[in-house]
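This report concerns only the one structure given below.
The values are calculated or read from the model by the stated rules, or taken from the named source; none is laboratory data. The structure displayed is predicted, hence computed values, not measured ones. In this analysis, Cβ positions are derived from the backbone assuming ideal geometry, glycine residues included, and neighbour counts consider all displayed protein chains. Ligands, DNA and RNA are excluded from the accessible area calculation, which covers all protein heavy atoms including side chains. Shrake-Rupley method; radii C 1.70, N 1.55, O 1.52, S 1.80 Å.
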There are 2 protein chains.
Amino acid sequence: MVTIKDVAKVSGVSPSTVSRVIANNPRISEDTKKKVRKAMKELGYHPNVNARNLVAKSTKAIGVIMPSSANVALQNPFFPEILRGIGSVIHEAEYSMYLSTGETEKEILSEVQRMVYGSYVDGVILLYSRINDKVTNFLREQGFPFVMVGKPQEHDTEITHVDNDNVRAGKEITQHLIDMGHEKIGFIGGSRDLLVTRDRESGYVAALEKAGIQECEGYKIHTEFLKSGGREAVEHLMSLSTPPSGLVVSDDLISLGILSMLESYGLRVPQDISLVSFNNVYLSEITRPALTTVDIQIYTLGAQSAKALIEKTLNKNEPAKRIIIPYEIVYRDSVSQLS
Amino acid sequence: MVTIKDVAKVSGVSPSTVSRVIANNPRISEDTKKKVRKAMKELGYHPNVNARNLVAKSTKAIGVIMPSSANVALQNPFFPEILRGIGSVIHEAEYSMYLSTGETEKEILSEVQRMVYGSYVDGVILLYSRINDKVTNFLREQGFPFVMVGKPQEHDTEITHVDNDNVRAGKEITQHLIDMGHEKIGFIGGSRDLLVTRDRESGYVAALEKAGIQECEGYKIHTEFLKSGGREAVEHLMSLSTPPSGLVVSDDLISLGILSMLESYGLRVPQDISLVSFNNVYLSEITRPALTTVDIQIYTLGAQSAKALIEKTLNKNEPAKRIIIPYEIVYRDSVSQLS
DNA sequence: CTGTTAGCGCCTTCAT
DNA sequence: ATGAAGGCGCTAACAG
């Protein structure tokens, strides 16, 4: 391995001068800079991060924590997309990105502890927001810089988070169904432990209320991500004496499963039943029918969270903030006008 | 930050003793071990990786390189799934995982160079295999430990890689179509720059040959991953004087797009046209119809590549190997018997 | 402008 | 079985 000393020797200067050249210190003459850089090139020198981090007490790396991967939720294209968003600013800032890999909450916690205690990273991005989350609590207790994608369960003024206004989005998309003449509207959500599910559900409820529509017993269902849960949800809904004519589904991926179930029940979307959902994952464009869904700008969510985190690691006094990314409803073919 | 010295002071021993306790050196008495460990716990001591890496000249970290993310290919659930597989053994071995984030090939190359030159990682996993890949070449030239998921374009006896027998799989799945009475069989593949596309295509060709079926002009198409390309592919195929009755599609995600296009042309699968594909991503179960596809065991692909890489970083003399993961055809509802 | 010195936190001889 | 000393590669005062 080529070290700073080798470069120093070859270019006939001291190691510290080389170090300063690397940092592009203005107090080094252009001549020596040139000389040193030439030597670096010749020798194929590249600084060793570990040595650098050791003295700098900073790693220029951030940890990205996915939710526990025991279930298929992780298969959601949401993740590659948000990773891309994070990656773009990480790359720009010349940071690196550590990915958590745990399957269970316990494994994840231990990984985060390793990252934090072992100075692997300067900060952490949490790609989920869930009730009573040990990881969140740990990070808070440690006072370790982190930002959350989604809304914190509590202490939301102390935790920097990047989120959509999911309540409003839920309200608005439900309102769309109402505007199209629907009154019997069901809600199918993912786990209620996820804050995002709760928010979207609140929006749904608010829209109904505002329209003076009575909430129906049994119209609200929570299910696991894919088909198994989807099956039950659809079975349940359709066995009701007055089944809904419209569905608000909290995630495009769930919608996919629902769509499939609906079809197997001989129900056509949107002719027999309308459906709207959230995320606008690329898949929602190629389902049949294409989904009317809320585009939450996943990429931006990722990019902004990375940006906020980096700022925070650079300046410990950076105040906590809430960053709300605008959403936009994308109208496609999964909703029909009820006369 | 709590250091080894603090622990030493509190437990009344020297720093080196503490270090030995961490390494669980057998020449330290159980008594002092106990004493030291107690102090570590009290103080909340955790070793600093950077310091450790610096002297150990190893990072216990691996880099994972995704293909360039300029296109939607990255949205393929293949990636979260393979990441899970890698993660499982990484975690087990107490390694960490760096994720590349570049969007273009150039960015990716520069990231890999940083990883390698800067001693960020001990080895690298390439999640793709493409023609004339600069990253692969760089890694080879450097003699840096890496393994590839897929088949190397060249030097395949020198590069450890984890792959399926895609030629055979392609042949077998095509044979299935033939067995079901199909003779006019088209092939829709992703980029020909990807080795995997080529292999699957070779299998397709081999099956036709074996069955004595003449390859038809215009039956082979290569397209970008999602809909835009899918549209053209379907348009082209269906405008042929004798359109195919069966389709071999090189990736489930492409199949999704094709399915959608087909439907918009009023073609029903499998009644009007049959379709088989590859990967058995969870989505292929909830499409309508559910896809008959080759289960390539993505998770295992990831786990085995991580395992092979770790072995390689631990023992530089570990010979290059080819690891072939078995596949299995999953029969579902996208193929019909032709009488 | 540049060199010298010290030290980041840890591990590893070499002593004892 | 344990301690002392040196060094991994780099940066940051402090001199000059």
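Just the residues that are more than 7 Å from DNA strand D (Cβ to nearest atom), touching a residue at least 24 places away in the same chain (Cβ under 8 Å) and closer than 26 Å to B:D122 by Cβ, please, taken from the stretch A:1-44.
A:V2, A:D6, A:V7, A:M40, A:L43, A:G44
Do any helices (runs of 4 or more DSSP H) entirely within the stretch A:12-64 hold 2 or more residues that are among the charged types (D, E, K, R) and within 8 Å of DNA strand C (Cβ to nearest atom), and if so, which?
Output list reads A:30-43.
Residues that are hydrophobic (A, V, I, L, M, F, W, C) and open to solvent by 30 Å² or more (accessible area, probe 1.4 Å): does the stretch B:110-122 have at least one?
Among the residues of the stretch B:110-122, not one is hydrophobic (A, V, I, L, M, F, W, C) and open to solvent by 30 Å² or more (accessible area, probe 1.4 Å), which makes the answer no.
Of the residues that sit in the stretch A:83-94 and are farther than 25 Å from A:G118 by Cβ and either more than 7 Å from chain B (Cβ to nearest Cβ) or over 13 Å from the mean Cα position of the chain (by Cα) (or both), which one is least open to solvent (accessible area, probe 1.4 Å)?
Only one residue tops the list, namely A:G85.
If only one of A:V234, A:V269, A:V248 is assigned to a strand (DSSP E or B) and in the same structural domain as A:G170 (by TED's automatic domain parsing), which one is it?
The match here is A:V248.
Is there any pair linking a residue in the stretch B:284-310 that is on the phi > 0 side of the Ramachandran plot to one that is open to solvent by 20 Å² or more (accessible area, probe 1.4 Å) and not acidic (D, E), with Cβ under 9 Å and at least six apart or on different chains, and which?
B:Q297/B:N280; B:Q297/B:P326; B:Q297/B:Y327
Which members of the stretch B:1-11 meet the condition of being over 20 Å from A:V116 (Cα atoms), within 12 Å of DNA strand C (Cβ to nearest atom) and not aliphatic (A, V, I, L, M)?
Across the stretch B:1-11, the qualifying residue is only B:K9.
Of all residues in the stretch A:226-246 being over 14 Å from A:F187 (Cα atoms) and under 24 Å from the mean Cα position of the chain (by Cα), which is most open to solvent (accessible area, probe 1.4 Å)?
A:K227
Is it the case that B:S334 is part of a loop (DSSP other than H, G, I, E, B), buried (at least 20 other Cβ atoms within 10 Å of the Cβ) and at pLDDT 95 or above?
Criteria met by B:S334.
Say whether the condition of being open to solvent by less than 70 Å² (accessible area, probe 1.4 Å), away from chain B (no Cβ under 12 Å) and out of contact with any Phe, Trp or Tyr (no Cβ under 9 Å at 6 or more places or on another chain) is met by at least one residue in the stretch A:247-265.
Checked the stretch A:247-265: no residue is open to solvent by less than 70 Å² (accessible area, probe 1.4 Å), away from chain B (no Cβ under 12 Å) and out of contact with any Phe, Trp or Tyr (no Cβ under 9 Å at 6 or more places or on another chain).
Out of the stretch A:48-68, which residues are basic (K, R) and more than 7 Å from DNA strand D (Cβ to nearest atom)?
Answer for the stretch A:48-68, where residues must be basic (K, R) and more than 7 Å from DNA strand D (Cβ to nearest atom): A:K57, A:K60.
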